[in-house]
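For reference, the structure discussed in these notes is given below.
Coordinate-derived values only; no laboratory data. Remember, predicted model here, so these are calculated numbers, not experimental data. Note that we place each Cβ from the backbone using ideal geometry, even for glycine, and neighbour counts take in every protein chain shown.
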Amino acid sequence: MSQTQVVIAIAVVIALAGIALLVGLQRGRGRRGKTLPPQSQQQPRSWAGRGSESDAQESPAGPGSGSTVTTLEPEALETPPAAPSIERPESATGRLQRLRARLARSNTVLGKGLLSLLSSGWLDEQAWEDVEDTLLSSDLGVEATKELVDSLRTRVTVEGARDEETVRGWLRADLLKLVDLSMDRSVASSRVEGRPAVVMVVGVNGTGKTTTVGKLARVLVAQDKDVVLGAADTFRAAAADQLQTWGERVGVPTIRSDRDGADPASVAFDAVRAAVEMEADVVIIDTAGRLHNKVGLMDELSKVKRVVEKQSPIDEVLLVLDATTGQNGLRQAEVFGEVVNVTGIVLTKLDGTAKGGIVVAVQRRLGVPVKLVGLGEGPDDLAPFDPEAFVDALIS
Ligand SMILES: Nc1nc2c(ncn2[C@@H]2O[C@H](COP(=O)(O)OP(=O)(O)OP(=O)(O)O)[C@@H](O)[C@H]2O)c(=O)[nH]1
Ligand SMILES: [Mg+2]
């Protein structure tokens, strides 16, 4: 090879390396320009083509905002769905049967205990006290327990019969009266006057809010609703990740901030705005856990509500209570009820507790119905609260 040929060969190699470097840089820049990680590019069900440039920009929303809301860009929407497949959540019928059995298992102590006490022959004072204790230990509350025992005592005295079937019938009727069949337990999830329904989820730390939002999204997706999630728990980035993961599993978009400590009111506002733009059926806003006796945090919650209401009425405020915390949950319920207008209770962790009586106690204290119950950690372990199924599970 002549010297000239060697020089030409080196020049060609350098030129090729340069081109490769330039192409690489260009690709890298393109990727960084996107606001979502690759796994978030699956196409939400009713979204195609509806994204707008403003979706990914600084939010002009609430006071003191400055939160950046991450959502799909139009470019991302045109990309075919990435590898993760979208799950099909369990239908309502299958779910109810499975969960009914679980509820019955958790509460057999209460039901069986009561029935055997009541049908065990002559009921003396001691026996009635045992009945009372059993009811109190289920967290039914003093007032409801007294009413139930008085009613049963009267029937036993007047009618005399005490075979198990008869007693079960009395108990069923009395418990149904206490649980109150007349309350409206539907959860707002359909468009109202041409806009999405707005649902806000609140409660103290660790009660199961985020899990409930995720599970509720699945219930609604199974009903073919278009759902949007709002990650207004901005205390920890992990909270928004947790919610987004729930959403991604069923192809539901999550509106969130990239920044820890962003203004939750602003994120909630942006989530509602995005849901309006997407013409969704319902937007569900997850909020940070907060102790009911921390004034600053409760003020923050009422601000979230006020800011959202600048844009749309809130149709549902669900208070999530952990059934295993028993009577402590009642005080929480009261305070949340004063700060935001709670419209429904979600009782989580009813699996593994024999304290089903809390359903009655909390409804009485707040005058608000239990609408949903959490019966396990599985993704489809959330069911609408069905009073008859609940009472039957207690005494079957
Ligand atoms: N057994 C059982 N566990 C539940 C249920 N609901 C939620 N959990 C569990 O409770 C724990 C807390 O759930 P999260 O949804 O993170 O609670 P959170 O209220 O969002 O918590 P913070 O945001 O930190 O206030 C998780 O381990 C859930 O799996 C339920 O119905 N049954
Ligand atoms: Mg949470």
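Within the shell defined by Cβ-Cβ distances under 13 Å, the residues around Glu125 carry a net charge of -4, with Lys and Arg each +1 and Asp and Glu each -1.
Using a cut-off of 11 Å between beta-carbons, work out the net charge of the residues near Pro313 (Lys and Arg +1, Asp and Glu -1, Pro313 not included). Around Pro313, the surrounding residues sum to -1.
Less than 11 Å Cβ to Cβ from Ser151, Lys/Arg counted +1 and Asp/Glu -1: what total charge do the surrounding residues give?
On the way: positive: Lys146, Arg153, Arg155, Lys177; negative: Glu147, Asp150, Asp174.
Surrounding charge for Ser151 is +1.
Going 7 Å from the Cα of Val142 toward and past its Cβ, which residues in the stretch 323-346 have a backbone nitrogen under 17 Å from where you end up? Taking a point 7 Å out along Cα→Cβ of Val142, the residues of the stretch 323-346 whose backbone N falls under 17 Å are 327-331. Along Cα→Cβ, 7 Å out, is where each label goes; now give me the distance between the ones at Asp258 and Asp163 in nm to one decimal. Spacing of the two 7 Å Cα→Cβ label points: 7.3 nm.
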